[in-house]
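Right, one structure below, let's go through it.
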Amino acid sequence: MEDKKYIDELSKCVRCGSCKAYCPTYDEGLTEAMGARGRLTLLRGLLSGQLKPSPLLKERIFSCILCGACEKLCPPEVGITEAIYHGRKLLHPLDRRIKYLGHLMRFSVRRPMLSFRIAKTLQHIGVSPQNILDVLGTPYRRPRGEKNTASAERGILPFTLTIPDSPLRDHRQVYKPERKIGRVALFTGCSTNFLYPHLGISLINVLLRLGYEVVLPTGEICCGAPFRSLGLEDDAVELAKKNHETFSKLSAEAILSLCPTCIISIKTHYPNLIGKGLEKAMDVSRFLMNKLGSLELSPLRHMKSATYHDPCHLNYSLGIKKEPRELIQRAGVELIEARGEGCCGFGGVFTLHNPDLSKDLRDKRVDAYAGTGAEALVTACPGCMMQLSAGIKDRPVYHVVELVEKAICRG
C-alpha cells in the first residue's frame, strides 16, 4: 500500500466501532487499542507525527490476528487488513526477534527440501520441531519479567509439530484419472505440503475419482502470508511474483488449496502486492460442492456425528460457510453446531507474538466444541487443525476433505 492510499484508508474510518463486534482480540482485552478502531487511530497518530514508533505501539499493531472479521462490518469499507499490514511494515524494525525469524523463514523458503530433511533427521534422533524452534528462536522469546513470560518458558509454539516421512510435493507433478473430464492445479501451501501431506493425498484421490487431472507445479513456494504478517513486505512481493509466474502459465480450470489463507493471499492480496492475482484460485469446499452433483456418497461407518469450526479466512474473507457443512452432511454425518462462533487463535505467527492470548482463544473454542458431545471436530484449514488439536485430546480433528475422501472413495 502506497503512503497516499494508506492515508486515505485511515481517513475513511468514522470511529463508529462496528469493527469491534466480532474482534477476537478486543473480546479478550476489552481495551480500545486491542480492536480495529483503536489500531487505526494509533496508526493515524503515527503517520501524523503525534505518535512516535515505540515497542508498545508495535505490540498493539502486532496483536491483531488478521482474521478479517472487522472488514465485513465496516460501513465505510476501510481496508483494515491492508492498513495493518502497512503499519507492520513501518514498525517491524523495532523488534529484533522479527529479524531472526525472518532469516529462519527465508532459509526455509529458499531451501525447502534441505530444511525438511534437517528437521526430519533431528526428529529421528529425538529432537522435535519444538526443540529446534526453541533453540533457533531463542532471540524471539520475551525477556523475563515481560508479559507472556510463562508462555515463553513453555516454549515458542503452543502446539506440537510432527514432521511426516515425506512432503506432498516430492517428485510427482501430475496425477491422471482413468477418465479425464478436466484439469486443476493444486496450491499445496507450506502446512499441507510439509506437515499434513495426507490431506493433499485425500484431495487428490477425490479429484481423481471425479475425473480431474491434478497438477502440482514444482515452482510453487510459500504464498507469502507469514512474511506479510511480520511486516516483511519485500519478501512477500518476491514470493508473489514467483508464484504468479508459475501458476499463470498453467492451463487449469481452477487453482485449489486446502488452506484458506493461501487462497486469499494468491487471489486477493497479490493484486495489492504486485498488481495481479490468481483469479482461478478457490477453496476446495466450494469446488467440490459444485462438482459432486448427484454423485452418491457412502455414509461414513466410523463417525456418526461431528461439529464444525469455521476458519476465519474461509468464513470472513472468502464468505464460505455453508459448503463445508453440506459436505459433512453429504458424508452421512450428523452435524451438531457449537454455541457461538469465534477464532481458534492460530493466526500463523500470531501464536509467536501472543502465545497466551492465542491459547485463551483456543480454549474458548475447545470448551464450546466439547459441549456439543459430537464424536469429532471438523474444520477446513490446516492451521486450525494444528491449533485445535493441541487443545482437544478426547476426539479426532479432521479436515473436511478427509470425510469426503472416505465417503466417495472408501465408504
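The values are calculated or read from the model by the stated rules, or taken from the named source; none is laboratory data. Given the structure is predicted, the values throughout are model-derived calculations rather than measurements. Don't worry about glycine lacking a Cβ; one is built from the backbone with ideal geometry, like all the others, and counts go over all protein chains shown.
Within region 222-261, the residues that satisfy the criterion of being closer than 17 Å to Ile320 by Cα and touching a His at 6+ places or on another chain (Cβ under 9 Å) are Leu258, Cys259, Pro260, Thr261.
Of the helices (runs of 4 or more DSSP H) contained entirely in region 349-405, those carrying at least 3 residues that are closer than 18 Å to Thr261 by Cα and at pLDDT 95 or above fall at 382-389. When Lys276, Lys291 are checked against the criterion of being in contact (Cβ under 8 Å) with a residue 60 or more places away in the chain and on the phi < 0 side of the Ramachandran plot, Lys291 stands alone in meeting it. Restricting attention to region 295-314, the residues that are out of contact with any Asp or Glu (no Cβ under 8 Å at 6 or more places or on another chain) and closer than 30 Å to Asp27 by Cβ add up to 4. Scanning region 275-296 for residues that are among the charged types (D, E, K, R) and surrounded by 11 or more Cβ atoms within 10 Å (Cβ to Cβ), we see that the one that is farthest from Glu405 (Cα to Cα) is Lys276.
Is it true that some residue in region 101-116 is of a type in the set (Ser, Thr, Tyr), in contact with a Phe, Trp or Tyr (Cβ under 8 Å, 6 or more places away or on another chain) and in contact (Cβ under 8 Å) with a residue 24 or more places away in the chain?
Keep residues of region 101-116 that are of a type in the set (Ser, Thr, Tyr), which gives 108, 115.
In the following step, the residues that additionally are in contact with a Phe, Trp or Tyr (Cβ under 8 Å, 6 or more places away or on another chain) were identified as 115.
Those still in the list that are in contact (Cβ under 8 Å) with a residue 24 or more places away in the chain too: none.
No; the residues of region 101-116 include none that is of a type in the set (Ser, Thr, Tyr), in contact with a Phe, Trp or Tyr (Cβ under 8 Å, 6 or more places away or on another chain) and in contact (Cβ under 8 Å) with a residue 24 or more places away in the chain.
Taking each residue of region 204-228 that is touching a residue at least 60 places away in the same chain (Cβ under 8 Å) and looking for partners that are assigned to a loop (DSSP other than H, G, I, E, B) with beta-carbon atoms closer than 6 Å, six or more apart or interchain, yields Pro226/Gly348; Pro226/Val349. For region 274-287, the tally of residues that are outside any strand (DSSP E or B), among the aliphatic types (A, V, I, L, M) and either over 23 Å from Gly231 (Cβ atoms) or at pLDDT below 95 (or both) stands at 2. Out of all the residues in region 288-300, is one or more modelled with pLDDT of 95 or more and either within 14 Å of the chain's Cα centre (by Cα) or more than 16 Å from Met386 (Cα to Cα) (or both)? Looking for residues that are modelled with pLDDT of 95 or more and either within 14 Å of the chain's Cα centre (by Cα) or more than 16 Å from Met386 (Cα to Cα) (or both), one finds at least one in region 288-300, hence yes. Of all residues in region 319-337, those satisfying the criterion of being surrounded by fewer than 20 Cβ atoms within 10 Å (Cβ to Cβ) and part of a loop (DSSP other than H, G, I, E, B) are Gly319, Lys321, Gly332, Ile336, Glu337.
Taking the criterion of being closer than 23 Å to Ser317 by Cα and assigned to a helix (DSSP H, G or I), the residues of region 236-261 that qualify are Ala236, Val237, Leu239, Ala240, Lys241, Asn243, His244, Phe247, Ser248, Pro260, Thr261.
Residue by residue, here is whether (1) surrounded by fewer than 21 Cβ atoms within 10 Å (Cβ to Cβ); (2) of a type in the set (Ser, Thr, Tyr); (3) assigned by TED's automatic domain parsing to the domain that holds Cys344; (4) without any contact (Cβ under 8 Å) to a residue 40 or more places away in the chain holds:
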position: Cys16; (1), (2), (3), (4): yes, no, no, no
position: Cys19; (1), (2), (3), (4): no, no, no, no
position: Glu32; (1), (2), (3), (4): yes, no, no, yes
position: Leu47; (1), (2), (3), (4): yes, no, no, no
position: Pro55; (1), (2), (3), (4): yes, no, no, no
position: Ile61; (1), (2), (3), (4): no, no, no, yes
position: Pro75; (1), (2), (3), (4): yes, no, no, no
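If you go through region 173-200 and pick out every residue that is hydrophobic (A, V, I, L, M, F, W, C) and in contact with a Cys (Cβ under 7 Å, 6 or more places away or on another chain), you end up with 2. Go through the residues of region 302-320 one by one and say whether even a single one is assigned by TED's automatic domain parsing to the domain that holds Leu207, among the β-branched types (Val, Ile, Thr), within 16 Å of the chain's Cα centre (by Cα) and under 25 Å from Cys190 (Cα atoms). Looking for residues that are assigned by TED's automatic domain parsing to the domain that holds Leu207, among the β-branched types (Val, Ile, Thr), within 16 Å of the chain's Cα centre (by Cα) and under 25 Å from Cys190 (Cα atoms), one finds none in region 302-320, hence no.
What about Arg209, is it among the charged types (D, E, K, R), in contact with a Cys (Cβ under 7 Å, 6 or more places away or on another chain) and part of a helix (DSSP H, G or I)? Taking the combined requirement at face value, the residue satisfies it.
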